[in-house]
Amino acid sequence: MEKIVPHELPNVYTDGRTLYTENLVPGQSVYGEKLVPHFGVEYRAWNPKRSKLAALILKGCRTFPFEKNSTVLYLGAATGTTASHVSDIVAEGMVYCVELSPLPFRKLVSLCEIRFDMMPLLADANNPEGYEQLVGKVDVLYQDIAQRNQVEIFLKNLKFLKEKGVAYLMVKARSIDVSKDPEEVYDSVKLELVEAGLKVIESSDLAPYEKDHMAVVGILSSKLLPSRKNQNRKKNLG
Ligand SMILES: C[S@@+](CC[C@H](N)C(=O)[O-])C[C@H]1O[C@@H](n2cnc3c(N)ncnc32)[C@H](O)[C@@H]1O
């Protein structure tokens, strides 16, 4: 039996080859992943080919703000594969799972019935007004939506992030422009984010786990913070 030990990122575990999270609902597998008991704790294998967040960790991600009581706004939750691992970690917090399509949403609802730190929201992330009454300010914004306007959607939802919050955007180059070289798309996405006021702290190509995908990790810069914006405006008005 391999020894499961803490990964260098908090609340993630590894046996040296596979990543794991501690199963919040022992005995329940979410997407057919292996459940591994180890010294009285049950761990769930975290598949980087099914979860871009796991892929990002294996690609050497250094920013990992998910804590026991974190609140997360997850856009494009689908059936909850990645969201369930986030739920394992933020056991005393909340994962607000926004999903547009009714088919995966049905499965997501069943998952949320047994995971009390997950809230399913059938909504369009293009219209955050649809869920802003339910979702307050969050510690982490995570988006995995393969739409042409994925950057626009992400920018609209940054308003939910707390001042020291971290935002993850999983970019699918081919959904933005199938005719362009993915590298070119990545550069223009990063530029767009920076111009909008996000400070990009990490970015990583997710190959070989996901082809033509990049993860961008950012924090709010003062340009995007409403209070500072007002202060700046006041200063500018002089
Ligand atoms: C790549 S899948 C997400 C996989 C999931 N993040 C995971 O790792 O388990 C993208 C999902 O985004 C959803 N989606 C697409 N456009 C959306 C929108 N405007 N608002 C919310 N969800 C959307 C799709 O229905 C699909 O389920």
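Rule-based calculations on the coordinates, nothing more; no lab input. Predicted, not measured: the structure shown is a model, and the values here were computed from it. Here Cβ is always computed from backbone atoms with ideal geometry, including for glycine, and neighbour counts include all displayed protein chains.
Before moving on, here are some points about what is shown:
- Cross-link pairs Lys159/Lys180; Lys3/Lys211; Lys68/Lys164; Lys52/Lys211 - those with Cα-Cα distance over 20 Å: Lys159/Lys180; Lys3/Lys211
- Span from the region 1-43 Cα centroid across to the region 67-135 one, whole angstrom: 21
- Kyte-Doolittle at least -1.0, axis length at least 20 Å by Cα - qualifying DSSP helices, the chain: 182-196
- Each of Lys211 and Glu67 was given a label point 7 Å from its Cα along the Cα-to-Cβ line. The distance between the two points is 4.1 nm.
- Remark on Gly165: its backbone amide H falls under 5 Å from those of Leu220, a criterion applied only to residues 5 or more positions apart or on other chains, H modelled at 1.01 Å from N.
- Percent of Cα-Cα distances greater than 26 Å, calculated over region 47-233: 26
- Relative to its residue count, region 68-179 spans a Cα convex hull of 94 Å³ per residue.
- The packing ranking, built from the mean of other Cβ atoms within 10 Å per residue, places the peptides 25-34, 80-89, 209-218 in the order 80-89, 209-218, 25-34, highest first.
- Counted by neighbouring Cβ atoms within 10 Å, the residues Met94, Met170, Met119 run from fewest to most as Met119, Met94, Met170.
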